[in-house]
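The block underneath contains the structure these notes are about, expressed in structure tokens.
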Amino acid sequence: MNIIIVGCGKVGISLAERLCAEGHDLIMVDISAKKVEEASNRFDIMGIVGNGASFAVQQEAGVEKADLFIAVTQADELNLLCCLMAKKSGCATIARVRNPMYSQEIGFIREQLGISMIINPELTAAREIAKLLKFPSAIKIDTFAKGRVELLRFRLKPEIGFGGKTIMEVMARLKTEVLICAVERDNEIIIPNGSFVLEDSDTLSIVGPLEATAEFFEKIGVRSKKVKNSLIIGGGTVAHYLAKDLLKVGYRVRIIERDAARCEYLTEVVPGADIINGDGSDESLLLEEGLTYADSVVSLTGLDEENIFLSLFAKKHSNAKLIAKVNKIAFNDVVDSLDIDSVIYPKYLTADYIVQYVRARQNSIGSNVETLYQLFDGRAEALEFSIKDASEVTDVPLMNLNLKPNLLICAINRHGRILTPRGQNMICVGDTVIVVTTNRGLNDIRDILKK
């Protein structure tokens, strides 16, 4: 596809990285010549210096031949204007809109302006954090089938007793509808079969219906302490969205923010939260504000390094669920090796949604990519396909399908009923099918088959 991206910031660069890896032709636009040059050199793409809302600049970028136009600058209104202009040329448009002021009007704005999709990285990050607080044992949680199926990632511990056992032995003992769909070991990603032997240092991804995943953790003896309160360090946009969500479900929320004017704003827009004006990196203030007794500590300052160190400090002084937001740091493997429960990357969450949209647009007639998540820093993917038409994949027992290696069919959603796949099960028209694989770039359900 021919794609124009306006904005060479964190989200724009993250998008370019993902879309280039998938073989799309990109043109990037930004008013900063330095940023355009860096992006052009890094991805070997065409870059244009200029205002992305200018008709002349859009014409220079080839908007009339573009399949998709994405505006992800820092300014919401500029993004909307860019998309409004691009829409006149007939291409699909995606705008980044992050201001909470617009959050209640997103549907209206999208419909009235004819924008294909509106993304909000901060709101997406807040919802991801809220999910993790509801299930503290998990490092990461992704959902499919309109929330009926969960994919959870967690670290094995010796006391669980899986080390040295095959997946077949573990599943026979637990008698559960959950599947172990991916294993990370020594920086390698494995899509395992039943004879795969687990080790205590593994990180597992499991998938199953909501009730089954909760039952799985109970059966292995990981009973999550329910989170009832949250200490949020940093009062930015993510904290605003998160606090509102947590207050709705009855959490006690405290936010530490160093800017007095921002504290006044949060007091008005998030009534019910305790807003503390102070330096979140002050150890004595954190202890004074009950860090030791917090059920969860969420570090959302504007500095990645500070968020990481605050989480490590909280680890030392509490038993809280720890979540840190990271925007820029490139050493994901190093960050993931630290003893922090969950690390949230807003730019990657946003890229997932846009790549999902791109895959759905370029699919064959037979199916759509409904949901897409990157796993293990992009080394594996979890996809949900909506089966629109009959094909060589449908109405055939799964055991007779010639599947690609390193690919697992994890669940079938049949009109709201979740099936754990067995050899005799078949994929039917009208189903949605969840697949986990290390193969990249699947656009259609037929891509699961060997050529």
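If the Cβ limit is 6 Å and pairs must be 6+ apart or interchain, which residue in region 62-90 that is closer than 16 Å to Pro121 by Cβ pairs with which residue that is surrounded by fewer than 22 Cβ atoms within 10 Å (Cβ to Cβ)?
From region 62-90, the pairs are Asp76/Asn99.
Would you confirm whether or not region 117-140 contains a residue that is of a type in the set (D, E, K, R) and under 30 Å from Phe55 (Cα atoms)? Write out each step before concluding.
Start the filter on region 117-140 by keeping residues that are of a type in the set (D, E, K, R), which leaves 122, 127-128, 131, 134, 140.
Among the residues that remain, those that are also under 30 Å from Phe55 (Cα atoms) are: 122.
Yes, region 117-140 has at least one match.
Do we have any residue at all in region 222-236 that's surrounded by fewer than 21 Cβ atoms within 10 Å (Cβ to Cβ), in contact with an Asp or Glu (Cβ under 9 Å, 6 or more places away or on another chain) and part of a strand (DSSP E or B)?
Scanning region 222-236 turns up at least one residue that is surrounded by fewer than 21 Cβ atoms within 10 Å (Cβ to Cβ), in contact with an Asp or Glu (Cβ under 9 Å, 6 or more places away or on another chain) and part of a strand (DSSP E or B).
State whether the residues of region 108-117 include one that is open to solvent by less than 60 Å² (accessible area, probe 1.4 Å), assigned to a strand (DSSP E or B) and out of contact with any Leu (no Cβ under 8 Å at 6 or more places or on another chain). Steps first, please.
Here is the first cut: in region 108-117, the ones open to solvent by less than 60 Å² (accessible area, probe 1.4 Å) are 109, 113-117.
Remaining after also requiring assigned to a strand (DSSP E or B): 117.
Now restrict to residues that are out of contact with any Leu (no Cβ under 8 Å at 6 or more places or on another chain): 117.
Yes - at least one qualifying residue is present in region 108-117.
Return only the number of the condition from (1) in contact with a Phe, Trp or Tyr (Cβ under 6 Å, 6 or more places away or on another chain); (2) surrounded by fewer than 19 Cβ atoms within 10 Å (Cβ to Cβ); (3) of a type outside the set (Ser, Thr, Tyr) that Ala86 does not satisfy.
(2)
Any chance you could count how many residues in region 185-211 are open to solvent by less than 10 Å² (accessible area, probe 1.4 Å) and either hydroxyl-bearing (Ser, Thr, Tyr) or assigned to a loop (DSSP other than H, G, I, E, B) (or both)?
Qualifying residue count for the region: 3.
Kindly evaluate Leu123 against the criterion of being in contact with a helix residue (DSSP H, G or I) (Cβ under 7 Å, 6 or more places away or on another chain), at pLDDT 90 or above and either among the hydrophobic types (A, V, I, L, M, F, W, C) or within 30 Å of Leu84 (Cα to Cα) (or both).
On the way: in contact with a helix residue (DSSP H, G or I) (Cβ under 7 Å, 6 or more places away or on another chain): yes; at pLDDT 90 or above: yes; either among the hydrophobic types (A, V, I, L, M, F, W, C) or within 30 Å of Leu84 (Cα to Cα) (or both): yes.
Yes, satisfied.
Can you list the strands (runs of 3 or more DSSP E) lying wholly within region 348-451 that have 3 or more residues being within 25 Å of Met171 (Cα to Cα) and touching a residue at least 40 places away in the same chain (Cβ under 8 Å)? Lay out the reasoning, then the answer.
Values: elements: 367-375, 380-387, 407-414, 417-419, 432-437.
Filter on region 348-451 gives 380-387, 407-414, 432-437.
Here's a check for you: in region 179-213, which residue that is more than 21 Å from the chain's Cα centre (by Cα) and among the hydrophobic types (A, V, I, L, M, F, W, C) is farthest from Asn406 (Cα to Cα)? Steps first, please.
So in region 179-213, the residues more than 21 Å from the chain's Cα centre (by Cα) come out as 185-186, 192-202, 211-212.
Filter again for among the hydrophobic types (A, V, I, L, M, F, W, C), leaving 196-198, 212.
Working: Phe196: 13, Val197: 16, Leu198: 17, Ala212: 24 Å.
Only one residue fits best here, namely Ala212.
Scan the strands (runs of 3 or more DSSP E) fully inside region 252-310 and keep the ones with 1 or more residues being among the small types (Gly, Ala, Ser) and within 28 Å of the chain's Cα centre (by Cα). First the steps, then the outcome.
Details: elements: 252-257, 274-277, 296-299.
Of the strands (runs of 3 or more DSSP E) lying wholly inside region 252-310, those with at least 1 residues that are among the small types (Gly, Ala, Ser) and within 28 Å of the chain's Cα centre (by Cα) span 296-299.
Counting only residues that are acidic (Asp, Glu) and in contact with a strand residue (DSSP E or B) (Cβ under 8 Å, 6 or more places away or on another chain), which one in region 423-451 is surrounded by the most Cβ atoms within 10 Å (Cβ to Cβ)? Let's see the steps before the verdict.
First pass over region 423-451, keeping only residues acidic (Asp, Glu): 431, 444, 447.
Still in the running and in contact with a strand residue (DSSP E or B) (Cβ under 8 Å, 6 or more places away or on another chain): 431, 444.
Details: Asp431: 21, Asp444: 19.
Per the criteria, the residue is Asp431.
Run down Glu150, Glu122 and say which single residue is farther than 22 Å from Leu383 by Cβ, under 23 Å from the mean Cα position of the chain (by Cα), in contact (Cβ under 8 Å) with a residue 24 or more places away in the chain and open to solvent by less than 30 Å² (accessible area, probe 1.4 Å). So that I can check it myself, show each step before the final result.
Numbers: Glu150 fails: farther than 22 Å from Leu383 by Cβ.
Residue meeting the stated conditions: Glu122.
Please verify whether region 369-388 includes one or more residues that are exposed (fewer than 15 other Cβ atoms within 10 Å of the Cβ) and more than 25 Å from Arg153 (Cα to Cα).
The answer is no; no qualifying residue exists.
Can you tell me how many residues in region 246-279 are over 15 Å from Lys228 (Cα atoms), touching a residue at least 40 places away in the same chain (Cβ under 8 Å) and surrounded by 14 or more Cβ atoms within 10 Å (Cβ to Cβ)?
Of the residues in region 246-279, 1 are over 15 Å from Lys228 (Cα atoms), touching a residue at least 40 places away in the same chain (Cβ under 8 Å) and surrounded by 14 or more Cβ atoms within 10 Å (Cβ to Cβ).
Please enumerate the residues belonging to region 9-34 that are at negative phi and open to solvent by 50 Å² or more (accessible area, probe 1.4 Å).
Going residue by residue through region 9-34, those that are at negative phi are 9-22, 24-34.
The answer is Lys10, Glu17, Ala21, Asp25, Ile31, Ala33, Lys34.
State all residues of region 280-315 that are free of Cβ contacts under 8 Å to residues at least 60 places away in the same chain and in contact with a His (Cβ under 6 Å, 6 or more places away or on another chain); if no residue qualifies, say none.
Thr292
What number of residues within region 393-422 are over 21 Å from Ile190 (Cβ atoms) and either in contact with a strand residue (DSSP E or B) (Cβ under 7 Å, 6 or more places away or on another chain) or open to solvent by less than 20 Å² (accessible area, probe 1.4 Å) (or both)?
The number of residues fulfilling the criteria is 9.
Go over the candidates Ala243, Ala172, Ala182, Ala214 one by one and state the one that is among the small types (Gly, Ala, Ser), assigned to a helix (DSSP H, G or I) and open to solvent by less than 20 Å² (accessible area, probe 1.4 Å).
Numbers: Ala172 fails: open to solvent by less than 20 Å² (accessible area, probe 1.4 Å); Ala182 fails: assigned to a helix (DSSP H, G or I); Ala214 fails: open to solvent by less than 20 Å² (accessible area, probe 1.4 Å).
None of the others qualify; the one that does is Ala243.
Just checking, how many residues over region 153-164 are part of a loop (DSSP other than H, G, I, E, B) and surrounded by fewer than 16 Cβ atoms within 10 Å (Cβ to Cβ)? Steps first, answer last, please.
Our first condition is that a residue be part of a loop (DSSP other than H, G, I, E, B); within region 153-164, this holds for 156-157, 161-164.
Retained after the next criterion (residues that are surrounded by fewer than 16 Cβ atoms within 10 Å (Cβ to Cβ)): 157, 161, 163-164.
Looking only at that region, the number is 4.
Within region 326-363, restricting attention to residues that are of a type in the set (S, T, N, Q) and modelled with pLDDT under 75, which residue is most open to solvent (accessible area, probe 1.4 Å)? First the steps, then the outcome.
Pass one, region 326-363, residues of a type in the set (S, T, N, Q): 327, 332, 337, 342, 350, 356, 362-363.
Narrowing further to those that are modelled with pLDDT under 75: 332, 337, 362-363.
On the way: Asn332: 18, Ser337: 89, Gln362: 68, Asn363: 37 Å².
The residue in question is Ser337.
So Phe43 fits all but one of (1) open to solvent by 20 Å² or more (accessible area, probe 1.4 Å); (2) closer than 20 Å to Thr371 by Cα; what number is the exception?
Every condition holds for Phe43 apart from (2).
Report whether or not Ile323 is aliphatic (A, V, I, L, M), open to solvent by less than 10 Å² (accessible area, probe 1.4 Å) and part of a strand (DSSP E or B). Give the steps one after another, and end with the answer.
Numbers: aliphatic (A, V, I, L, M): yes; open to solvent by less than 10 Å² (accessible area, probe 1.4 Å): yes; part of a strand (DSSP E or B): yes.
Judged against the criteria, Ile323 is a match.
The values are calculated or read from the model by the stated rules, or taken from the named source; none is laboratory data. This one's a predicted model, so the numbers in the text were calculated from it and none came from an experiment. Using ideal geometry, Cβ is built from the backbone for each residue, glycine included, and neighbour counts are taken over all protein chains shown. For the accessible areas, the whole protein counts, side chains as well, though only heavy atoms, and no ligand, DNA or RNA atoms are used. Shrake-Rupley method; radii C 1.70, N 1.55, O 1.52, S 1.80 Å.
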